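Notes follow the structure.
The values are calculated or read from the model by the stated rules, or taken from the named source; none is laboratory data. Just so it is clear, the structure is predicted and the values come from calculations on it, not from any experiment. Reconstructed Cβ throughout: ideal geometry from the backbone, glycine too, with neighbour counts over all protein chains shown.
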Amino acid sequence: KAGLVERLAVKAGMAKAPGAVHAVDRVSLSIGKGEIVGLVGESGCGKSTLGRVACGLLPQTEGAILHNGQSLAETSPVQRREMQLGTQMIFQDPSSSLNPRMRVREIVGQAPRVHRMAPSSEIPALVDRYLGLAGIDPEVKDRFPHQFSGGQRQRIGIARALAVNPDMLVCDESVAALDVSIQAQILNLFLDLREELGLTYLFISHDLSVVRHISDRVAVMYLGRLVEEAPSAEIFRNAQHPYTRALLEEIPELVPKRRSYGVIKGEIPSPLNPPTGCHFHPRCPFATERCRMEVPKLRDVAPGHRSACHLID
Ligand code: SF4
Ligand code: MG
């Protein structure tokens, strides 16, 4: 993105082996420093896989992951660990990722201690700082996770991620398990943390109304492929891909009732045996013979706006 230091660029694919799922197929996505990119799509479309690949938690079989222009695959083990610490993942369910037998101060202080990121004497101050940044009163740090609400547990998970001083968070359905009012608080926390710490985000969600609240740019995936990508305002005003339009129509308050593209027909096909040509063709009201034969390429439709659909011709 012009004028931005490239924070993350992913070109990822999975090798074709018989019976293997092509979870992420020729996806190319870059995220500028300080940017929030929303990644949307139905469950099973490969967005979590892409998030894990971006964090270095899963290896890609083809392509490259670049952090600040440097390839994750071509680094020494020490550099690799640093790059992995620099990109932290925030999961959906904080309860299952917080050890119930550890006190909050131990949970937040553990990684900096293990990775010797600060002398032991400085860990308590570091824990207080990150709990405070995540909106948890450091006074309660001797308590256990079960003594907190779901929203507070997510804040503890965020404090734990911040404690290793990342420059990027990959949020995978991080607010999906929370009540709507608490969701808004956590989304605002992410925005505040961007201001205070200069964080960059890949924000994965099936929920477009959540993504709209937080993202600068939105990328839409369908069955392992990127089908559309645009600045957030452009996606919500001028989506080009029939799949994106259908997703938007499921949120009635978002789209003025102009024209109906219809609810998406049928179930998402199995990624084990994806449809030929455009993966979306069995569900697309505009599909033609060409769509069954030929994979549509991503093309520019406006500055920063790319879409992969033969209709664009
Ligand atoms: Fe529909 Fe064809 Fe466009 Fe795919 S390429 S979204 S099937 S019109
Ligand atoms: Mg997922």
Quiz prompt | region 221-247, subset in contact with a Phe, Trp or Tyr (Cβ under 7 Å, 6 or more places away or on another chain) and touching a residue at least 60 places away in the same chain (Cβ under 8 Å), residue nearest to Glu42 (Cα to Cα) | solution = Tyr222
Quiz item: What helices (runs of 4 or more DSSP H), lying completely within region 14-110, carry at least 1 residues that are under 30 Å from Ala125 (Cα atoms) and among the small types (Gly, Ala, Ser)?
Solution: 77-86, 94-97
Self-check item: Any pair with Cβ under 8 angstrom, 6 or more apart, that starts in region 158-183 at a residue that is over 23 Å from Ser30 (Cβ atoms) and surrounded by fewer than 20 Cβ atoms within 10 Å (Cβ to Cβ) and ends at one that is charged (D, E, K, R) and modelled with pLDDT under 95
Solution: Ala176/Asp207; Ala177/Asp93
Quiz item: How many residues does region 295-311 hold that are more than 8 Å from ligand 1 (Cβ to nearest atom) and either in contact (Cβ under 8 Å) with a residue 12 or more places away in the chain or over 25 Å from the mean Cα position of the chain (by Cα) (or both)?
Solution: 9
Quiz item: Of all residues in region 49-107, how many are within 16 Å of ligand 2 (Cβ to nearest atom) and within 17 Å of Leu39 (Cβ to Cβ)?
Solution: 13
Quiz item: When you look at Lys16, is it modelled with pLDDT under 90, surrounded by fewer than 18 Cβ atoms within 10 Å (Cβ to Cβ), within 18 Å of Pro269 (Cβ to Cβ) and not hydrophobic (A, V, I, L, M, F, W, C), yes or no?
Solution: yes
Quiz item: Any idea which of Gln147, Gln110 is surrounded by fewer than 20 Cβ atoms within 10 Å (Cβ to Cβ), at pLDDT 95 or above, under 30 Å from Val53 (Cβ atoms) and over 22 Å from the mean Cα position of the chain (by Cα)?
Solution: Gln110
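Out of Pro303, Pro285, which single residue is surrounded by fewer than 18 Cβ atoms within 10 Å (Cβ to Cβ), in contact with a Phe, Trp or Tyr (Cβ under 7 Å, 6 or more places away or on another chain) and not hydroxyl-bearing (Ser, Thr, Tyr)?
Of the residues listed, the single one that is surrounded by fewer than 18 Cβ atoms within 10 Å (Cβ to Cβ), in contact with a Phe, Trp or Tyr (Cβ under 7 Å, 6 or more places away or on another chain) and not hydroxyl-bearing (Ser, Thr, Tyr) is Pro285.
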Exercise. Answer yes or no as to whether Ala176 is more than 16 Å from ligand 2 (Cβ to nearest atom) and among the small types (Gly, Ala, Ser).
Key: no
Practice problem: Any chance you could count how many residues in region 41-66 are buried (at least 21 other Cβ atoms within 10 Å of the Cβ) and within 16 Å of ligand 1 (Cβ to nearest atom)? | Solution: 2
